[in-house]
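This report concerns only the one structure given below.
The values are calculated or read from the model by the stated rules, or taken from the named source; none is laboratory data. Just so you know, these numbers come straight off a predicted model, no measurement behind them. Here the Cβ positions follow ideal geometry from the backbone for every residue, glycine too, while neighbour counts run over all protein chains shown.
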Amino acid sequence: MAEPTTATARPDATGGSGGALDTVERAAATPDVAQPWRELGLREEEHARIREILGRRPTSAELAMYSVMWSEHCSYKSSKVHLRQFGEKTTEAMREHLMVGIGENAGVVDIGDGWAVTFKVESHNHPSFVEPHQGAATGVGGIVRDILAMGARPVAVMDQLRFGAVDHPDTARVVHGVVAGVGGYGNCLGLPNIGGEVVFDAVYQGNPLVNALAVGVMRHEDLHLANATGAGNKVVLFGARTGGDGIGGVSVLASETFDATGPAKRPSVQVGDPFAEKVLIECCLELFRAGVVEGIQDLGGAGLSCATSELASAGDGGMHVELDRVLLRDPSLSPEEILMSESQERMMAVVRPEHLERFLEVVRRWDVETSVLGEVTDTGRLVVTWHGEVVVDVPPRTVAHDGPVYERPYARPSWQDALQADSAAALARPTSGEDLRATLLRLVGSPNLADKGWVTDQYDRYVLGNTALATPDDAGVVRVDEATGLGVAVSTDANGRYGYLDPYAGAQLALAEAYRNVATVGARPLAVTDCLNFGSPEDPDVMWQFSEAVTGLADACQVLGVPVTGGNVSLYNSTADTPIHPTPVVGVLGVLDDVARRTPSGWRAPGQALYLLGTTRLELDGSAWAEVEHGHLGGRPPAVDLEAERLLGDVLVNASRDGLVDAAHDLSEGGLAQAVVEGCLRYGVGARVWLDELCERDGVDATTALFSESTARVLVSVPRSEEVRFTDVCSARRQPALRVGVVDEPGEAAALDVQGLFTVPVAELRAASTATLREAFGA
Amino acid sequence: MGRVGVVTFPGSLDDGDAARAVRLAGGEPVRLWHGDADLKGVDAVVLPGGFSYGDYLRCGAIARFAPVMEPLVDAARGGLPVLGICNGFQVLCEAHLLPGALVRNDHRTFVCTDQRLRVENAATAWTHEYASGEEVVVPLKNGEGGYLADEATLDRLEGEGLVALRYVVPEGGRNPNGSARDIAGVANAAGNVVGLMPHPEHAVEAGYGPDPRTGTAGTDGLRFFSSVLRQLVS
C-alpha cells in the first residue's frame, strides 16, 4: 500500500476535551467526548463498529489508526468482494511456480535454478496530480520498498504513465514533474528503468495515472515474510526520521476525488529522499544476509499504523510499542500524528534479542538511524504507549484485516448499448495510396504512437549491467544469473479506450497484450501483477466497470495459466465529474533460460522474410486510427481469443529458443502499419511489404489490413535459412502465418515500401515519430 | 593479475558494474569502503558512478572528504592509476586531482544515451589501448555532466594534450550536456589520473551495453580497463 498523503483533518490529541493525553483509561471514563471521526473519513456505521470492537470509544490515537487503515486505499473495502476472484480462480496448476501469492508485500515466483523473482505494480495517482515530481518519486520509492521487504534485491523498475491531452496547457506541468520524479528517484537508486507506458488522453486531464512497477531477485532461501512472531523479539524502526508529512493522506487524499473548493493539499505530499532509500536498500540486504532479522516490513501508506497492525496480525498477534521512542524530525508531533505519518524511507524489523547487537552494527555501518520501539507479545493485543501511558490497546486484526467490506451497488450503464452500437466500421476510410500514406504519417506522429525517447532518455537503463532489452522493445529483459544467462522479461499494458467500450474484454486485452509482448521477446509467461485504476466506487456505472474488469482478468488468467500474484487498486480517479476510462494496468513476467536468445523488435538483415502471424479482421473500433483520424470512440474492442494468444506465445517462445526468428514485434495500437514502422525504426532498416494476399485471405481492405487492431498477431523476421523450418512449425501447430514482406536495405536510402500503395523513407518516419513529444515538452 | 580497487561511497551505483568490467578485462576487482582509509594494496583504483551522498550538495563535494580519499589522493599524486567515472570524475575534480568542475546539463534534464566519443589522448594509463583519434561508443547518463573550467585552464588542457576524450558532435548539433569545448574526459599531466562523464563500464559485454543500432559491438569501453591492467604488467 503506497498511495499516501496530506494533512487536512488532524485528530485532536486531547480527544477534544482539554490538554490531557487521551489514554485508554480516559476513553473508558469519558464515553461521550465528541471525536472528529467524520473529518477523518469514517462513516457513522464504521465509527459505531469501532466502538463495538473496543467496547468503548476509541482513543484519539486508536481513531487515527482505524481511520487510515479502514480507508479505501488500505482496506480495499469496495473492491474486496470482487478481488476474491483472483484467488478463487487460481488453480493448483497455476500455482506451480508461485512461492508467495496475493496478500504479502509482493508475489514471488520460482524461475528455476534456485532463483526467485518478485514483482508488483502500484499506483501513486493522486499525489502525482497535486505535486507531480514528489508524487511520482515517492511512488517509485514505495514499490521498491515492497520488493525489498520480501528479501529481494530490487533490479529494475518500469512506470505506466497516463496524462491529459498533449496540447492542454496543464499537461506539460504534470509531464515534466512526473518524468523528472520517476527519473530522479529511480536513477538515484541505481535501478534500470526497462520500460513502461506513456499515454495521453483527455480523460486523465485532472487525474493523471502514475503507476510504478518494481522487480526484485533473490535466492529461494532468502525469501522473508513480514510478520511479528516470537514473543520477546524486538520491534525496530529504522531509516528516515518521522515527520509531519502525509498525515491522514491515505484516508483523505487517496480515497476522495479532488474538489476544486477544498483546501489546498500541496504542502503535505511527502518529499522523497532517494539517497536515504539507496542506503536503506543496501542496509536491509546486509541485514538479511547477516541473518539478523526475522522479517522486515516497509512503511508506506498509513505509516506506523499499518506496519504495526499488519506485522502483529500476521504473526503471533501481539505487540507492544513505546511510541515516544520514535525518532522525530519535528518534536512537536502528537502520538496520533506519529501513527499516521507517511514519512518515506522507513522500515520496521523484527529482531531476536540475541541478534540485536549485530543488527545495530550493520545499521551503524550504513549510518542509518534506528530506534528499538518495543517487542512482540503473545497477548493478542497491539498496545501502544506514550511516555508510559497506554494510548492504543486493540486487537491488531481488527485494524489491519477486519475493516468494513462493502457490496457497492453496480449496474451496466444505461449508455453502454448506444456506445457499443456506434461502430468505427461506418467511418470513412482512405482508398488511394496517397491518402493511406498521409494517414500512416499522422498516426506515426500521434502522441500515443510517437517515439517516447523524450521520456525514456531521462531514465538510466544501463545501471547494474544486466539490461538485455528495454523500451522500445516489446518487453524489458534483465539477466538474473550471470553464469547461465537465466533472466526475466516484464511487460505492462492497458488500453483505457478498450476498457471503456467493454471493461470485461478491456482487462482481458490488457493481459493478452502483456502476455504476447513477453512471449514476443522469447520469454515463457509465468505470472501477473495488476494495478486497477478506476473512477468512484460510489458510482454504480464505475462499480460495474470494475466488477467486469476483475472478472475478465481473472477468467483470462485461468485460460492462459498465469496467476495474479499481487497488485493494487486505485479508485476515485476522475476529471471533474467524469470518471477516467477503466484502466486495468496488467503486468506479465516471463522467464528466459538464456537472455542471449532474446528477440528484439527490429530487423537488421536485408533479405529476411517478414511473416505476419495471426488473423486480421475488420476491428477498427477503439483503434488509434479511429481516434487520430476521426476523434471517434465507440463500438466493441477487438475480439479476445485467448487460445490463439496461447498458441502464438508457444510458437514465439519455441522459435526464439530454436533461433528461427531474428526479430519479432507485437501488433497492437496502430495495427500492422505501426508494427512495420517500428520494426524499420528500431535499427534504421527498411522493408518492402505487400498486402494483396493478406487482404484476400482475410477478406479485408487495405485500411483494415494496415490499421485494424485485431489481437493475437505478431510480425516476425525470419532468416532465409530457417524459413522452411519456421513455416513447418506454424503449419504443424495450425498457427496462421503469411509472408507479407521482406527486409530491405539499411542506410540513408532505407524506406518502407507498401507495394502498389506508397513509399515512405525511414528518415521521414523517424522525423514524424520523434518530433511530437520533443515539440510538446522541449529539447 | 592486476588488483583494481573499486570504491563504494554511500550512494555509489555503478560500483558493481566497474568491478565486473575489471574482471572481464582480466583483473581482480577489490572492493574498497569509503569509511576505511585503506587501499588494500591495490594497483589501481576506480571511483565509480552514482549519486554519492545523494548529490545533495555539489556532486562529489562530500565524498571527497571520505576517509578512503586521504590515502587515495596521496597515492594518485605518487602515480597510482585512478579512473573517475561520472560521479567519480566529479569526486576527482572536487579533490583537485583534476582541474575544472561538472555542472548541471545545459538542457536541465537527465540524459541517458549511447554516446560517440573521440579518444584525444591515447597515452594515459587508462586509454593507451585505443588509437589516438579513435571513435568509440559508450553510454552517457548524467544530470550534472557539463564540464567547465576557466578559459586559461581550458587552453592549458588543450595545449598540454590533457583532454582525454571529446564528445563527437554531429554537424550543426551540440554536445549532450553543454560541456566546454565538447570535453568528455580529462587527464592529469602524468596521465595516471583520468576522469570522464561517460560510462565505459557499461560497454564491456556484448548485449548489455550500447544498442546494436550504434553500429558497434557494445564493448568499446573494455579497453579502459585492459589498458591499465596491461600497464601494470609491463
Filter result for A:Ser309 (assigned to a helix (DSSP H, G or I), modelled with pLDDT of 90 or more, among the polar types (S, T, N, Q) and crowded, with 21+ Cβ neighbours inside 10 Å): yes
Is it the case, given these coordinates, that A:Lys234 is at pLDDT 95 or above and on the phi < 0 side of the Ramachandran plot? yes
Of all the strands (runs of 3 or more DSSP E) wholly in the stretch A:681-765, which have at least 3 residues that are in contact (Cβ under 8 Å) with a residue 12 or more places away in the chain, in contact with a helix residue (DSSP H, G or I) (Cβ under 6 Å, 6 or more places away or on another chain) and closer than 23 Å to A:Ala475 by Cβ? A:714-718
Scan A:Gly195, A:Gly183 and give me the residue that is in contact with a Phe, Trp or Tyr (Cβ under 8 Å, 6 or more places away or on another chain), within 14 Å of chain B (Cβ to nearest Cβ) and in contact (Cβ under 8 Å) with a residue 40 or more places away in the chain. A:Gly183
Which condition from (1) within 14 Å of chain B (Cβ to nearest Cβ); (2) touching a residue at least 60 places away in the same chain (Cβ under 8 Å); (3) over 21 Å from A:Met65 (Cβ atoms); (4) not β-branched (Val, Ile, Thr) is the one that A:Gln344 breaks? (3)
Tell me which residues, restricted to the stretch A:551-606, are within 14 Å of another protein chain (Cβ to nearest Cβ), surrounded by 24 or more Cβ atoms within 10 Å (Cβ to Cβ) and not in a loop (DSSP other than H, G, I, E, B). A:Leu592, A:Val595
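For the stretch A:353-424, please list each of the helices (runs of 4 or more DSSP H) lying entirely inside it that holds at least 2 residues being among the polar types (S, T, N, Q) and either over 27 Å from A:Ala240 (Cα atoms) or touching a Ser or Thr at 6+ places or on another chain (Cβ under 9 Å) (or both).
Output list reads A:416-421.
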Subset of the stretch A:136-161 [of a type in the set (Gly, Ala, Ser), more than 19 Å from A:Cys306 (Cβ to Cβ) and either in contact with a Phe, Trp or Tyr (Cβ under 8 Å, 6 or more places away or on another chain) or assigned to a strand (DSSP E or B) (or both)]: A:Ala136, A:Ala137, A:Gly151, A:Ala156
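Could you pull out the residue among A:Ser313, A:Ser341 that is touching a helix residue (DSSP H, G or I) at 6+ places or on another chain (Cβ under 9 Å), of a type in the set (Ser, Thr, Tyr) and closer than 23 Å to A:Leu223 by Cβ?
Working: A:Ser341 fails: closer than 23 Å to A:Leu223 by Cβ.
Every option except A:Ser313 fails the conditions.
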Check the stretch B:66-85 and report whether any residue there is within 14 Å of chain A (Cβ to nearest Cβ), in a helix (DSSP H, G or I), touching a helix residue (DSSP H, G or I) at 6+ places or on another chain (Cβ under 7 Å) and under 21 Å from B:Glu144 (Cα atoms). no
Pair list, Cβ < 9 Å and 6+ apart or interchain, from the stretch A:66-84 residues that are on the phi > 0 side of the Ramachandran plot to residues that are buried (at least 24 other Cβ atoms within 10 Å of the Cβ) and not in a helix (DSSP H, G or I): A:Tyr76/A:Val569
Does the stretch B:41-54 contain at least one residue that is among the aromatic types (Phe, Trp, Tyr) and over 17 Å from the mean Cα position of the chain (by Cα)? yes
Flag for B:Arg174 being surrounded by fewer than 21 Cβ atoms within 10 Å (Cβ to Cβ), of a type in the set (Lys, Arg) and more than 14 Å from chain A (Cβ to nearest Cβ): no
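Please indicate, with yes or no, whether at least one residue in the stretch B:135-146 is in a helix (DSSP H, G or I), in contact (Cβ under 8 Å) with a residue 60 or more places away in the chain and within 14 Å of chain A (Cβ to nearest Cβ). Working first, answer last.
Of the residues in the stretch B:135-146, the ones in a helix (DSSP H, G or I) are none.
No, that holds for no residue.
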Which one is farthest from the other protein chains (Cβ to nearest Cβ), of the residues in the stretch B:194-219 that are part of a loop (DSSP other than H, G, I, E, B), touching a strand residue (DSSP E or B) at 6+ places or on another chain (Cβ under 7 Å) and surrounded by fewer than 24 Cβ atoms within 10 Å (Cβ to Cβ)? B:Thr216
Can you pull out every residue in the stretch A:357-376 that is within 27 Å of B:Gly11 (Cβ to Cβ), touching a residue at least 40 places away in the same chain (Cβ under 8 Å) and not polar (S, T, N, Q)? A:Arg358, A:Phe359, A:Val362, A:Val363, A:Arg365, A:Trp366, A:Asp367, A:Val368, A:Glu369, A:Val372
Restricting to the stretch B:117-134, and then to whatever is under 24 Å from B:Arg174 (Cα atoms) and touching a residue at least 24 places away in the same chain (Cβ under 8 Å), can you tell me which residue is surrounded by the fewest Cβ atoms within 10 Å (Cβ to Cβ)? B:Arg118
Sort out which residues of the stretch B:45-62 are at the interface with chain A (Cβ under 10 Å from one of its Cβ atoms), in a loop (DSSP other than H, G, I, E, B) and free of Cβ contacts under 8 Å to residues at least 60 places away in the same chain, and write them in order of number. B:Phe51, B:Tyr56
Any idea which residue in the stretch A:531-550 is nearest to A:His124 (Cα to Cα), counting only those that are aromatic (Phe, Trp, Tyr) and either surrounded by fewer than 24 Cβ atoms within 10 Å (Cβ to Cβ) or touching a residue at least 60 places away in the same chain (Cβ under 8 Å) (or both)? A:Phe546
For the stretch A:103-120, give me each residue that is on the phi < 0 side of the Ramachandran plot and not in a strand (DSSP E or B). A:Asn105, A:Ala106
Which pairs turn up if I take residues in the stretch A:275-299 that are more than 24 Å from A:Val68 (Cβ to Cβ) and look for partners that are of a type in the set (D, E, K, R) and part of a strand (DSSP E or B) with beta carbon separation below 7 Å, at least 6 apart in sequence or on another chain? A:Leu285/A:Arg153
Select, from A:Leu620, A:Leu612, the only residue that is more than 27 Å from A:Thr529 (Cα to Cα), outside any loop (DSSP other than H, G, I, E, B) and not acidic (Asp, Glu). A:Leu612
Which members of the stretch A:744-762 meet the condition of being of a type in the set (Gly, Ala, Ser) and within 14 Å of chain B (Cβ to nearest Cβ)? A:Gly747, A:Ala750
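Out of A:Glu764, A:Glu678, report the one residue that is touching a Pro at 6+ places or on another chain (Cβ under 9 Å) and among the charged types (D, E, K, R). Break it down into steps so the answer makes sense when it comes.
On the way: A:Glu764 fails: touching a Pro at 6+ places or on another chain (Cβ under 9 Å).
Just one listed residue meets the conditions, A:Glu678.
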With the first residue restricted to the stretch B:95-116 and required to be within 15 Å of A:Gly183 (Cα to Cα) and at the interface with chain A (Cβ under 8 Å from one of its Cβ atoms), and the second required to be surrounded by fewer than 18 Cβ atoms within 10 Å (Cβ to Cβ) and among the basic types (Lys, Arg), Cβ contacts under 8 Å at 6 or more apart or on different chains are none
Taking B:Arg230 as the residue in question, decide whether it is charged (D, E, K, R), away from chain A (no Cβ under 13 Å), over 22 Å from B:Asp17 (Cα atoms) and surrounded by fewer than 24 Cβ atoms within 10 Å (Cβ to Cβ). no
